[in-house]
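A.B. asks: I'd like to ask you about the structure that follows.
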Amino acid sequence: MAASKKDEVIRAVVAVCVLLLAVGEGLGMRAEAQAAAGGCVSQLNRLLACRAYAVPGAGDPSPECCSAMSSISQGCACSAMAITNSLPSRCNIGQLNCTA
């Protein structure tokens, strides 16, 4: 059965946020960056409950994942997406085109 557009968006946001968490932890975020991120970091940390659902072919998300998704503010989600969208150019690689 095909996933709905909302499910696809949720999975994309979860994948991006889990990636940001891994990169942030792996590189060690600077203290001032952590302070600026404030509550967004704790919101994104809750998305670890969704990591199993952020891959193609995953089943429906768990209640814990859905709760984590519903607790993320629009500002935090949009900031995470903006950061992720800027990474390819910051790494000197081409932008991804997921609609093609």
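Each value in this text was obtained by applying a stated rule to the coordinates, not by laboratory testing. Note that the structure is predicted; figures quoted are calculated from it, not measured. FYI the Cβ positions are ideal-geometry reconstructions off the backbone, even for glycines, and counts take in every protein chain you see.
A.B. asks: Points 7 angstrom from Cα along the Cβ direction at M81 and V55: gap in nanometres?
C.D. replies: 2.5 nm
A.B. asks: Rounded to whole Hz and in sequence order, give me ³J(HN,Hα) for segment 63-77 from the Karplus expression 6.51 cos²θ - 1.76 cosθ + 1.60, θ = phi - 60°, writing x for Gly and Pro.
C.D. replies: Per-residue couplings from phi come out as x, 5, 5, 4, 5, 4, 4, 6, 8, 7, 6, 4, x, 5, 4 Hz.
A.B. asks: Express in nm, to one decimal, how much length is gained between S73 and L48 on full extension, taking 0.36 nm for each residue of separation and deducting their alpha carbon distance.
C.D. replies: Numbers: separation 25, 0.36 × 25 = 9.00 nm, distance 1.61 nm.
Going from the current span to full extension adds 7.4 nm.
A.B. asks: Related question: Which FRET efficiency value, to the nearest 0.05, do you get for C66 and L96 by plugging their Cβ-Cβ distance into 1/(1 + (r/R0)^6) with R0 = 25 Å? Intermediate results must be reported in sequence, preceding the final value.
C.D. replies: Working: r = 27 Å, r/R0 = 1.06.
About 0.40, to the nearest 0.05.
A.B. asks: Now a separate question. What order do you get for 84-94, 63-73 when each peptide is scored by the mean count of other beta carbon atoms within 10 Å, highest first?
C.D. replies: On the way: 84-94: 10.6, 63-73: 14.5.
Most protected by this proxy first, the peptides run 63-73, 84-94.
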